[in-house]
Amino acid sequence: MRAFLSHSSADKLIVVGVHSELEPDSTWLDRAEIEWGDLFLEKIADGIQLATDFVLFWSKAASKSEWVRIEIRNYPFHKPTLKWWYFASRRGK
């Protein structure tokens, strides 16, 4: 499994906590995969394409995030083996 973790930066602490509890190399998280000088959009698209699962951490902040919208638009709906997961945050943001 290789899960792409889509989230708003406002929910970063929750997502980093989940990421740290999972097997190494089983998730794609922006801060672990994108290095200084990398092209963000290209790295994000690559991460989504190589993923077996797309995990969306949904919150009010995520609903307003341009990056989350970009990630969802890059989701390959034609890839039937890709699983879609989402977690709704009860935080007030």
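The values are calculated or read from the model by the stated rules, or taken from the named source; none is laboratory data. It should be emphasised that the depicted structure is a prediction, and the values quoted were computed from it without experimental measurement. FYI the Cβ positions are ideal-geometry reconstructions off the backbone, even for glycines, and counts take in every protein chain you see. Surface accessibility is based on the protein's heavy atoms, side chains included, excluding ligands, DNA and RNA. Shrake-Rupley method; radii C 1.70, N 1.55, O 1.52, S 1.80 Å.
Numbers below:
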{"item": "Residues that are outside any strand (DSSP E or B) and either open to solvent by 90 Å² or more (accessible area, probe 1.4 Å) or farther than 14 Å from residue 8 by Cα (or both), drawn from segment 45-65", "result": "45, 46, 47, 48, 49, 50, 51, 52, 60, 64"}
{"item": "Those residues of segment 1-47 which are touching a strand residue (DSSP E or B) at 6+ places or on another chain (Cβ under 6 Å) and among the charged types (D, E, K, R), in sequence order", "result": "11"}
{"item": "Output for segment 7-21, where each listed residue is open to solvent by less than 70 Å² (accessible area, probe 1.4 Å) and among the acidic types (Asp, Glu)", "result": "11"}
{"item": "Selected residue (criterion: surrounded by the most Cβ atoms within 10 Å (Cβ to Cβ)) from residues of segment 22-44 that are of a type in the set (Phe, Trp, Tyr) and farther than 14 Å from residue 7 by Cβ", "result": "40"}
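Every residue, every condition in (1) in contact with a helix residue (DSSP H, G or I) (Cβ under 7 Å, 6 or more places away or on another chain); (2) not basic (Lys, Arg), yes or no:
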residue	(1), (2)
23	no, yes
26	no, yes
34	yes, yes
43	yes, no
53	no, yes
58	no, yes
63	no, yes
66	no, yes
